[in-house]
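Please read the structure below before turning to the comments.
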Amino acid sequence: FFSEKLRKMKFDLSVNRLELVNSKLEYEEETEKSIGTGKLTFSNINATVKNINSGYKKKSLPDVIVDWRSQFMQGDLRANWAFNPMNTSEKFNINGSITNLPAKNMDPFVKPYLKVSVDGNFNKIKFNFDGNDKLAGGSFGIDYNDLKVNVLKDDGSKRKLLSAVGNAAVKNDSRGQMKNVEVKNIERKQDKSFFNFFLACILDGLKKALLII
């Protein structure tokens, strides 16, 4: 975790304000259960990070505050992320929203991990997750229209029966209302990064909201 890295630095570091302008971040990962490599793309990043301090010879520090604005798979992402380097449980909160996201753009993300392909439009996704070094959870909501979910086999071909059953169970339009679910007890893989942990929370929310088994 970034909090642990800052806390254990062996030298004094103090950056009051860091700005990322028109930047790009791509995160890729393959797991034992995924069919190929999952990929997330953040583009047009304009973010501000406040209070970046190392824990060297310190007893307390202010929270690191991240105000994030970017495109996420061509949707608009707004997020606020906070953690404290001196909190040894690595407690954090990240909350925000993604708007105007074409569902098909999520295929590089959901195909490998959930073994589904999605069509339609995610009008808005809202999330608010609290966590620490071991567990995370919180709230997840989604407003969508013209939704269609195709369940896939390991080779990428469509499972016709499961897809038909799944689409019959899930309304293809949330009618302008947020469909809210609870995300809880998501375990952190200790050899993985914060982004993997955040990804796991988002995936759990999508699975529950869209009734993906």
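The residues of segment 133-146 that are aliphatic (A, V, I, L, M) and surrounded by fewer than 18 Cβ atoms within 10 Å (Cβ to Cβ) amount to a single one, LEU135. Could we say that PHE129 is in contact with a strand residue (DSSP E or B) (Cβ under 9 Å, 6 or more places away or on another chain), among the aromatic types (Phe, Trp, Tyr) and modelled with pLDDT under 95 here? When the stated conditions are applied, PHE129 does not pass them. If you go through segment 164-199 and pick out every residue that is within 14 Å of PHE129 (Cα to Cα), among the aliphatic types (A, V, I, L, M) and modelled with pLDDT under 90, you end up with 1.
Here PRO112 does not qualify as in contact with a Leu (Cβ under 8 Å, 6 or more places away or on another chain), in contact (Cβ under 8 Å) with a residue 60 or more places away in the chain and of a type outside the set (Lys, Arg). Consider ILE125 carefully, then state whether it is within 12 Å of the chain's Cα centre (by Cα) and among the β-branched types (Val, Ile, Thr). Criteria met by ILE125.
Here the condition is being under 26 Å from ASN105 (Cβ atoms), open to solvent by 70 Å² or more (accessible area, probe 1.4 Å) and modelled with pLDDT of 95 or more; of ARG17, ARG69, it holds for ARG69 alone.
The values are calculated or read from the model by the stated rules, or taken from the named source; none is laboratory data. In this text, all values refer to a predicted model and were calculated from it rather than measured experimentally. Cβ: placed from backbone, ideal geometry, glycine included. Neighbour counts: every protein chain shown. Accessible surface areas use protein heavy atoms only, side chains included; no ligands, DNA or RNA. Shrake-Rupley method; radii C 1.70, N 1.55, O 1.52, S 1.80 Å.
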